[in-house]
Amino acid sequence: MKYYSTNNQSPIVNFKEATIKGQAPDKGLYFPETIPQVEKKLIAGIADFSNEEIAFKVIKPYVGNTIADEKLFQIVSETISFHIPLVRVNDRISSLELFHGPTLAFKDIGARFMSRCLAHFVKEGASIPLRTTKVTVLVATSGDTGGAVANGFYGVEGVEVIILYPSGKVSPVQEKQLTTLGKNIKALEVEGTFDDCQQMVKQAFTDNDINDKIFLTSANSINVARWLPQQFYYFLAYKQWADKLNPPVISVPSGNFGNICAGILAMRSGLPVHHFIAACNANDIVTEYLHTQVLKPKQAVATLSNAMDVGNPSNFVRILEIFHHQFPELKSKLSSYSITDAETTATIKEVYQKDNYVLDPHGAVGYLSLQRYLENHPEQKGIILETAHPVKFPDAVENAVGKHIEIPSSVQFIMAKEKQSVLIKADYQQFKEYLLK
Ligand SMILES: *Cc1c(COP(=O)(O)O)cnc(C)c1O
């Protein structure tokens with residue numbers, strides 16, 4: 001498989017080069033030249049395949065021969081080595097729980113896959129420029145990415161990770177997950193918003209002073225090795241979906257739109273999905289786009305579902321690419337709703353009281369969006385992606401359900417550890433000095 005840049009001004013690359021580079025030199029996003037089709041028998045007989053076999057078959061065409069089959073099978077097996085259950089919430093809605101990984105969010109899957117691929121490529125040594133033996137992963141996080149990436153790369157030889165996060169805008173569990181590991185993981189606490197963090201990271205990638213000295217790559221969802229493995233759990237959802245003749249509507253809580261874009265890619269590869277819902281909070285750029293056909297980035301506003309507080313979703317361009325920029329086709333497969341914080345809280349409360357199921361704020365945005373769609377489509381049923389464990393957002397959730405949410409024992413030990421971070425202003429020069437020192 002070869003990848004081109006969505007800006008069309010960069011050379012074609014293979015999976016290895018795309019993974020190492022992260023973003024294309026022309027600032028576009030790498031996109032596969034063709035969308036591979038999964039074998040018909042994988043869909044028709046999906047229950048007969050193990051999760052590992054499914055993941056391997058889905059990702060193999062994208063990786064091509066850049067990783068040997070045996071190694072790739074090992075990587076996908078480690079990537080999905082935790083439960084990804086489809087849980088019934090009520091008659092019409094099920095929840096795909098993506099929060100049983102080490103940092104309790106779906107980003108574990110992309111981060112674990114990417115870190116293992118990158119570690120493999122660094123070990124091979126070849127074709128990393130600057131004759132350096134070290135790769136620096138730069139990542140901006142609105143909350144969950146940082147922890148998942150830190151965890152995925154922790155202790156990986158030859159890779160240093162620098163995480164930028166907005167001060168005071170991530171939850172206590174999230175902050176601990178990205179500031180307490182130490183070793184090759186460094187956290188920069190930025191006095192600004194997620195968009196400021198993302199902006200600084202983007203600027204560093206195009207800064208020659210930095211790129212002459214440090215080999216930078218990105219672990220944000222623009223990296224193909226983080227984006228593509230997110231297809232796995234859409235297939236695993238279908239494996240567990242009882243009514244195979246009536247494929248689900250899938251509602252995806254969306255911020256940077258990497259997750260939903262992977263789902264749409266899976267559908268284009270042959271996975272049966274009736275319709276996709278981009279579930280958004282007050283950051284409604286895509287909801288607006290589907291009404292107006294105009295994509296107008298805005299300043300991000302802070303909400304209860306803070307991992308989706310994104311004012312300029314980087315991956316949306318890939319969705320446009322999948323649909324060849326044909327608006328009517330896109331609109332026939334994708335709807336979007338924008339949910340307020342008040343509605344988010346009311347939804348957490350209602351679903352807890354009615355169905356005894358505790359949603360996190362992101363899942364609640366997904367739930368209400370799906371419910372709105374289903375109201376007008378009485379013959380359909382659907383799935384929400386529950387993208388994070390409720391305990392990552394204790395204030396919002398405990399307030400709504402009126403009870404304490406236990407921190408899973410797998411995370412408890414981290415709360416006692418000491419935060420280690422460097423506080424910086426949302427100022428590119430200050431960030432640059434830190435990188436170069
Ligand atoms: C990152 C994140 C999202 C948004 O995912 P995108 O791929 O950026 O659209 C949603 N929910 C949670 C909990 C997240 O961490």
* To do: Would you point out the residue of the stretch 304-319, among those that are within 12 Å of PRO253 (Cβ to Cβ) and among the small types (Gly, Ala, Ser), that is nearest to the ligand (Cβ to nearest atom)?
  => ALA307
* Structure fact -> Taking the stretch 8-31 and keeping residues open to solvent by 50 Å² or more (accessible area, probe 1.4 Å) and without any contact (Cβ under 8 Å) to a residue 60 or more places away in the chain leaves ASN8, GLN9, PRO11, ILE12, PRO25
* Sort through ILE407, ILE424, ILE414 and tell me the only one that's modelled with pLDDT of 95 or more and either within 27 Å of GLN177 (Cα to Cα) or of a type in the set (Asp, Glu) (or both). => ILE424
* Residue check for LYS296: of a type in the set (Lys, Arg), more than 16 Å from the ligand (Cβ to nearest atom), in contact (Cβ under 8 Å) with a residue 24 or more places away in the chain and in contact with a helix residue (DSSP H, G or I) (Cβ under 8 Å, 6 or more places away or on another chain) -> no
* Under 7 Å between Cβ atoms, at least 6 apart or on separate chains: pull out the pairs that start in the stretch 324-337 with a residue that is in contact (Cβ under 8 Å) with a residue 40 or more places away in the chain and end on any residue that is open to solvent by 70 Å² or more (accessible area, probe 1.4 Å) and outside any strand (DSSP E or B). => TYR337/ARG372
* To do: Name the one entry in LYS123, LYS169, LYS176, LYS71 that is within 16 Å of the ligand (Cβ to nearest atom), assigned to a helix (DSSP H, G or I), of a type in the set (Lys, Arg) and open to solvent by 40 Å² or more (accessible area, probe 1.4 Å).
  => LYS176
* **Pairs where the first residue, in the stretch 241-258, is modelled with pLDDT of 95 or more and the second is of a type in the set (Phe, Trp, Tyr) and more than 16 Å from the ligand (Cβ to nearest atom), C-beta under 7 Å, 6+ apart** => PRO248/TRP241; VAL249/TYR373
* Here are SER5, SER50: which of them is more than 30 Å from LEU374 (Cα to Cα), surrounded by fewer than 17 Cβ atoms within 10 Å (Cβ to Cβ) and either away from the ligand (no atom under 16 Å from the Cβ) or in contact (Cβ under 8 Å) with a residue 24 or more places away in the chain (or both)? -> SER50
* Being out of contact with any strand residue (DSSP E or B) (no Cβ under 9 Å at 6 or more places or on another chain), crowded, with 19+ Cβ neighbours inside 10 Å and outside any helix (DSSP H, G or I) is the filter here, so list the residues in the stretch 330-368 that pass it. => VAL358
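Condition check ((1) open to solvent by 10 Å² or more (accessible area, probe 1.4 Å); (2) under 27 Å from ALA24 (Cα atoms); (3) among the small types (Gly, Ala, Ser)) across all residues:
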residue	(1), (2), (3)
SER221	yes, yes, yes
ALA282	yes, no, yes
TYR289	yes, yes, no
LYS298	yes, yes, no
PRO328	yes, no, no
* Structure fact -> Screening ALA140, ALA111, ALA148 for residues that are in contact with an Asp or Glu (Cβ under 6 Å, 6 or more places away or on another chain) and either open to solvent by less than 20 Å² (accessible area, probe 1.4 Å) or among the basic types (Lys, Arg) (or both) leaves only ALA148
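So, GLU386, is that one within 21 Å of THR287 (Cα to Cα), away from the ligand (no atom under 11 Å from the Cβ) and in contact (Cβ under 8 Å) with a residue 24 or more places away in the chain or not? Quick ask: steps written out before the conclusion?
Working: within 21 Å of THR287 (Cα to Cα): yes; away from the ligand (no atom under 11 Å from the Cβ): no; in contact (Cβ under 8 Å) with a residue 24 or more places away in the chain: yes.
It is false that GLU386 is within 21 Å of THR287 (Cα to Cα), away from the ligand (no atom under 11 Å from the Cβ) and in contact (Cβ under 8 Å) with a residue 24 or more places away in the chain.
The values are calculated or read from the model by the stated rules, or taken from the named source; none is laboratory data. These figures come from a predicted structure and were not determined experimentally. Methodologically, a virtual Cβ is constructed for each residue, glycine included, from the backbone with ideal geometry; neighbour enumeration extends over all protein chains shown. The protein model used for the area step is the full one, side chains on, heavy atoms only, and it has no ligands, DNA or RNA in it. Shrake-Rupley method; radii C 1.70, N 1.55, O 1.52, S 1.80 Å.
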